[in-house]
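Heads up, the thing below is written out as C-alpha cells.
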Amino acid sequence: MTNITPSALPKFSHIIPENIEAIIKQAISKNNNEIKKLLNNSTPYTWGNLMAPLEEMNDQLSKCWAPISHMHAVVETDALRAAYKACLPILSDYYTDLMQNELLYKAIQSIAESPVYSTFHPAQRKIIANDLRDFKLAGVDLAPQDKICYGELQKKLSQLSTQFSENILDATHAWTLHVTERENLAGLSDEALELSAQNAKERQLTGWVFTLDYPSYSSFIKYAENRELRHVLYEAYATRASDQGPHAGRWDNTPIMDSILKARHELAQLLGFHNFAEYSLATKMAETPEKVLAFLHDLVVKSKPFGEKDIHALREFAKEVDGLEQLEAWDVPYYTEKLRKTRYALSQEDCRPYFPIHKVMKGMFAIVNKLYGLKIVERHDVDTWHPQVQFFEVYDEEGQLRGCLYTDLYARSHKREGAWMDDCQGRRRLVEGNIQVPIAFLTCNFTRPLENKSALLTHEEVLTLFHEFGHCLHHILTQVDFLGVSGINGVAWDAVEFPSQFFEFWCWDKEALKLLSGHYETGEPLPDALYEKLMAAKNFQAGMHMLRQLEFSLFDFRMHLEYDPTIGGRIQALLDEVRSEVSVMSAPRFNRFQNTFSHVFAGGYAAGYYSYKWAEVLSSDAFSKFEEHGIFDPKTGREFLHHILEQGGTREPMDLFIAFRGREPSIVPLLQHSGLM
Ligand SMILES: [Zn+2]
C-alpha cells in the first residue's frame with residue numbers, strides 16, 4: 001500500500017496571485033509551440049506521436065489551473081480575483097483556437113482512418129471519436145464562408161444570452177413591494193421581517209421592503225397571510241422581463257428569445273443537423289428526439305393522476321382553513337407550506353442533533369467499505385488552502401491507492417455558495433508507466449462548528465454531502481488509463497448526475513441511517529418516530545413537482561425541436577400547448593415564466609433540461625437492484641463499482657447501465673421512489 005507523496009500534490013500555500021497570469025501564459029505558449037512541432041511531423045500520426053503528447057500538455061495546463069480556479073472559488077482575495085479574471089479570456093482563446101485547428105483535426109482524423117486504429121484500446125478509440133465529434137461541433141470542417149457564419153452566430157448567441165440575463169437582473173431590481181402597515185405582514189417569520197426592514201432602511205424608507213430576489217420573494221409568497229399583496233407580488237415576479245405586469249415592455253426578453261431560437265436553429269443547420277434539439281443530443285446519452293419525447297410523455301401520463309390528487313388536496317385544504325373558493329397561482333405556495341406544516345410537523349432542525357459531521361463521515365465511509373471494499377484514511381501532512389480543509393486517501397480492497405480527496409465543508413466569507421465537486425487531477429498512465437491518481441475537491445457550505453464541537457447537519461445537508469461524494473467516487477474510482485475518458489471526463493451530460501443522485505438513496509434507508517446518525521450528546525441513533533416523519537414528508541406533492549419539471553422539459557425540448565424559421569418561435573403558443581397536456585392548474589394569462597427561464601436561454605440546458613429527470617431514472621433504477629439484493633449487498637456493490645464507477649466515459653452510458661442492470665432503464669423505480677405508483 002503506497003501512499004501519495006505530498007510533493008506530488010499542489011502547493012496551495014505557495015500560489016502567489018501576482019505570478020498566476022505569467023505562469024498560465026507561459027504554459028499556453030509552451031503548448032502552442034508544442035502543437036506546432038507535433039503537426040510538423042512528416043511520419044504518419046500515431047497515438048504515441050500525437051495523442052499522448054496532447055494529453056500530456058493539456059494535463060499539465062489543467063493541473064496548473066485547477067488549484068488556482070479552486071482557490072478563486074473558496075478563498076477569494078482581490079488579487080486572486082484579478083488574476084483569475086485576467087486568465088479567463090486567455091484560456092478561452094486557447095481552447096477555441098485548439099478546437100478550430102484544422103491541421104490538428106486532420107491529423108487526428110488520419111489516425112482514425114489508419115489500420116492501427118482497430119488495434120487501439122476502446123478508451124483510446126472513444127477519445128478519438130469524441131475529439132472528432134467536438135471538432136466538428138466547433139465548426140472546424142466548414143467551408144470558409146460557413147466558418148465565418150458560424151463565428152458570427154456564436155458571437156450573436158453569446159451577446160443575446162448576456163442581454164437576456166441582464167434584462168432579468170434589471171427587471172428584478174427595478175420593482176419592490178413597500179409595506180408600511182405591520183398588519184399586512186402577518187404570517188412572516190422574524191427573519192423575513194428583519195431582512196425586509198433592512199431593505200427599507202437601505203432605501204431610506206420606513207417600514208418593510210420586499211424585492212423580487214428569490215429569498216425575499218419566497219419568504220412573502222409562502223408565508224404572508226395578505227392575499228391581495230401576494231397577488232401583487234406574484235404578478236410582478238411572474239412578468240419580469242416581459243410584455244406584461246407593472247413594467248410591461250421594459251427589459252422585454254420576448255424578441256431576444258425569438259432571436260436566440262433562430263440563431264440556434266441556424267447554427268444547428270450549418271453543422272448538418274435538422275434542428276437544435278438534434279444538435280444538443282449529439283453529445284448526450286439520449287439517442288433521438290423521439291426517445292426524449294416518449295420518455296417525457298410517458299412520465300406525464302404516469303404522474304398526472306398524482307398531480308391532480310395533490311392539487312385537489314390543496315384546494316380542499318384552502319377551502320377548509322380559509323373558505324377559499326378559487327385557488328389561484330399566488331395561493332399555491334402559501335397553502336402548500338401551511339399544509340406541509342399541518343401534515344408533517346417536521347422541521348429540518350429536529351434532525352440536526354443526530355447528525356454530527358464526524359459521525360456522518362464515519363458512517364459514509366463505512367457504507368462505501370461495505371459496498372466497494374474501500375478504506376478511507378485521513379492524512380494531516382499535506383499542504384492546503386485553509387485550516388478547515390481535510391485530506392483523505394482512498395484505498396481499495398487490494399490495498400491499492402485509488403485516489404485522494406480534499407474536503408472543505410464549512411461556510412465562510414470569500415467562499416462561493418453551494419456545494420460541488422471539482423477535479424484537481426484525473427487518472428492517467430504516465431509515459432514512464434506509473435499511474436497518476438485522481439484527486440477530487442469536495443466543497444460544501446455547512447454551518448461552521450463551534451470551537452471543539454462537531455458541526456451538526458440537517459438531513460438535507462447529509463443528502464448534499466452524499467450527492468457530492470457520489471461525484472467524487474465516480475472521479476476517483478475510475479480504472480481508465482487515458483485522461484480523456486477517465487473518471488467524469490467524457491461522460492455524457494445527461495448521465496453525469498447518475499452516480500451522485502444514486503448515492504443519495506442511502507440517506508433514506510433506515511439501516512444506513514443507523515450508521516450515519518448518533519445524537520451529539522447521547523450517541524443515540526435517529527429515533528424511529530423522526531425517521532417515519534422524514535419518510536412521510538419526502539414525497540409531499542411529488543406529483544405536482546414532477547409535472548412542473550416535465551412541463552419545463554417538454555417546453556424546452558419541443559421549442560428547439562419544432563422551430564420553423566418561416567413562422568418563428570411560437571413560444572407562448574407552444575408553452576400553452578405543453579401546459580394543456582401537463583399542468584394540473586392553469587397559469588394566469590399574464591404569466592411569462594419563460595421570459596426568465598435562464599437554464600435554457602442563458603445557460604447550458606437548451607434542449608437538455610430533460611437531463612435532470614433522465615439521470616434520476618438511471619439512479620433510481622440502479623438503486624432498485626440494491627433493494628432487490630440488499631442495500632449493503634457486497635456483490636451488487638462490486639458490480640456497480642466495476643460496471644459504472646470504474647468505466648468513466650469509455651463506453652456509452654446506456655451500455656454501462658445495461659451491463660450493470662441486465663436490461664435498459666425502467667421509469668418504474670423512479671415513480672416508486674417518488675410515491676407515484
Ligand atoms: Zn451533481
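Restricting segment 419-461 to GluC sites (Glu not before Pro) that sit in a DSSP loop and have at most 10 other Cβ atoms within 10 Å of their own Cβ leaves Glu432, Glu451. Couplings 3J(HN,Hα) of segment 612-619, computed from phi: 4, 6, 4, 5, 5, 5, 4, 5 Hz, in residue order, whole Hz [Karplus 6.51 cos²θ - 1.76 cosθ + 1.60, θ = phi - 60°; x for Gly and Pro]. Structural descriptor for segment 175-238: relative contact order 39 percent, calculated from alpha carbon pairs under 8 angstrom and at least 6 residues apart. Could you sort out which of Lys510/Lys533; Lys85/Lys136; Lys85/Lys262; Lys304/Lys613; Lys136/Lys284; Lys106/Lys284 sit more than 20 Å apart by Cα distance in this structure? Going by Cα-Cα distance, Lys85/Lys136; Lys85/Lys262; Lys106/Lys284 fall outside the 20 Å limit. Karplus-based coupling profile of segment 427-436, in residue order and whole Hz: 6, 7, 8, 7, 4, 6, x, 7, 9, 8, with θ = phi - 60° in 6.51 cos²θ - 1.76 cosθ + 1.60 and x standing for Gly or Pro. The heavy atoms of Arg133 offer some 80 square angstrom of accessible surface to a 1.4 angstrom probe. Counting only protein chain heavy atoms and rolling a 1.4 Å probe, the accessible areas of Thr447, Thr2 rank, largest first, as Thr2, Thr447. Calculated on the Cα set of the chain, radius of gyration then Dmax: 26.5, 84 Å.
For Lys284, the amide hydrogen comes within under 5 Å of no other amide hydrogen, counting only partners 5 or more places away or on other chains and with H modelled in the peptide plane.
Taking GluC sites (Glu not before Pro) across segment 149-221, the ones in a DSSP loop with at most 16 further Cβ atoms lying within 10 angstrom of their Cβ are Glu181. Proximity of backbone amide H atoms, modeled 1.01 Å from N, is registered between Val437 and no other residue at under 5 Å, excluding neighbours fewer than 5 places apart on the same chain. Structural descriptor for the chain: relative contact order 16 percent, calculated from alpha carbon pairs under 8 angstrom and at least 6 residues apart.
Measuring with a 1.4 angstrom probe and ignoring ligands and nucleic acids, Met99 comes out at about 50 Å² accessible. Among the lysines, which have Cα under 16 Å from the Cα of Lys319 when same-chain residues fewer than 8 positions away are ignored? Those lysines meeting the cut-off are Lys309, Lys338. Per the helix-only calculation at 222 nm, which mean residue ellipticity applies to the chain, given -39500 (n - 2.57) for every DSSP H run of n ≥ 4 and division by its residues, nearest 500 deg cm²/dmol? The per-residue figure over the chain is -18000 deg cm²/dmol. Residues whose amide H falls under 5 Å from that of Leu409, counting only those 5 or more places apart or on a different chain, are Cys444, with hydrogens built in the peptide plane. The fraction of accessible area contributed by carbon and sulfur in the chain is 52 percent, rounded to a whole number (1.4 Å probe; ligands and nucleic acids excluded). Residues His297, His14 ordered from highest to lowest accessible area at a 1.4 Å probe: His14, His297. Ignoring lysines fewer than eight residues from Lys453 along the same chain, the ones with Cα atoms less than 18 angstrom from its Cα are Lys359, Lys362. With protein chains left intact and a 1.4 Å probe, residues in the chain average 45 Å² of accessible area per residue. Each Lys and Arg contributes +1 and each Asp and Glu -1, all at the Cβ; summed about the Cα centre of the chain, the dipole is approximately 560 debye. Estimated at the nearest 10 Å², the accessible area of Thr596 is 30 Å² with a 1.4 Å probe. DSSP beta bridges confined to the chain are antiparallel in about 80 percent of cases. A straight Cα-to-Cα reach below 19 Å connects Lys625 with the aspartates and glutamates Glu497, Glu504, Asp509, Glu511, Glu616, Asp633, Glu639, Glu646, Asp655, Glu664, residues fewer than 8 places away in its own chain not being considered. Across segment 74-85, coupling constants 3J(HN,Hα) worked out from phi with the 6.51/-1.76/1.60 Karplus curve, θ = phi - 60°, read 10, 9, 5, 10, 4, 5, 5, 5, 4, 5, 4, 5 Hz, and Gly and Pro carry x. Please give me the summed charge of the neighbours of Ala313: other residues whose Cβ is under 13 Å from its Cβ, Lys and Arg +1, Asp and Glu -1. Summing Lys and Arg as +1 and Asp and Glu as -1 gives +2.
The values are calculated or read from the model by the stated rules, or taken from the named source; none is laboratory data. Every value quoted in this text rests on a predicted model; they were computed, and no experiment measured them. Quick reminder, even Gly has a Cβ in these numbers, built from the backbone with ideal geometry, and neighbours come from all protein chains shown. In case anyone asks, the SASA skips ligands and DNA or RNA and just uses the protein heavy atoms, side chains included. Shrake-Rupley method; radii C 1.70, N 1.55, O 1.52, S 1.80 Å.
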